[in-house]
1. How many residues does region 108-126 contain that are basic (K, R) and more than 12 Å from I88 (Cα to Cα)?
2. Every residue in region 156-196 that is touching a helix residue (DSSP H, G or I) at 6+ places or on another chain (Cβ under 7 Å), free of Cβ contacts under 8 Å to residues at least 12 places away in the same chain and surrounded by 14 or more Cβ atoms within 10 Å (Cβ to Cβ), please.
3. Can you name the number of the only condition in (1) assigned to a helix (DSSP H, G or I); (2) touching a residue at least 60 places away in the same chain (Cβ under 8 Å) that P14 fails?
4. Scan region 83-106 residue by residue and report those that are farther than 21 Å from E195 by Cα and either in contact (Cβ under 8 Å) with a residue 24 or more places away in the chain or not β-branched (V, I, T) (or both).
5. Among the residues of region 165-180, count how many are under 22 Å from S35 (Cα atoms) and at pLDDT 85 or above.
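The values are calculated or read from the model by the stated rules, or taken from the named source; none is laboratory data. What you see is a predicted model, and the numbers here were worked out from it, not measured in a lab. Please note: Cβ atoms are built from the backbone with ideal geometry, for glycine as well, and neighbour counts cover all protein chains shown.
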Amino acid sequence: MIHHLTGTFTELTPTHVVVECGGVGYMVHISLYTSSALAGQVEGKVLIHAVYREDAQLLFGFSGAKERSLFVMLTSVSGVGAQTARMILSGLGPSELVEVISKGDVGSLKAVKGIGAKTAQRILVDLQDKMGKDPAFETTMQGQGAAAGPQEFAGGDNTRRSDALGALCNLGFDRKRVETVLDQLAAEGVDTVEEFVRAALKRL
């Protein structure tokens, strides 16, 4: 079982990071939150949760223990897979998700793409009592990059829009629908990858 990877970040996008360790590059799927936390870093440590399936072996990465603990908790809920858990953490972020679950905020969970009323209720029923009991929630989010600013990529608006488009398509959204939403957001003055993706997740 892989606990973490420490190495050089040879590629970083809103949805994945490639960590090179000892000459081997590991493709690690990440949330928008972790992508923002890692922005600007050329090397570092990424906590890992591995998902093994018959057709794939996937690595999911996190900038801190709190997000990883939430990811594991979410995937323990019936009907919530790894990609859905990543989507939730991309749309809400660890601290906001803890607050949403603690308060029983069904509406905020339902606002996440792919989360219906039954799944949202199931998440609350299964996880509400667990909030605060995990050791990761008792410490500050070391290494989570909470103070990190929005991701910006060189090359101007078109490049940032293209990065956001790729990230959202990788999350499973229809390309034409994504392009329409991104055009709307660009007209409204959105100009960073993080803002594009986070705002689009609320409209798709």
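1. Let us first name the residues in region 108-126 that are basic (K, R), namely 110, 113, 118, 122.
Checking the rest, the ones that are also more than 12 Å from I88 (Cα to Cα) come to 118, 122.
Residues that pass the stated criteria total 2.
2. C169, V190
3. (1)
4. Matches in region 83-106: V98, E99, I101, S102, K103, G104, D105.
5. 1
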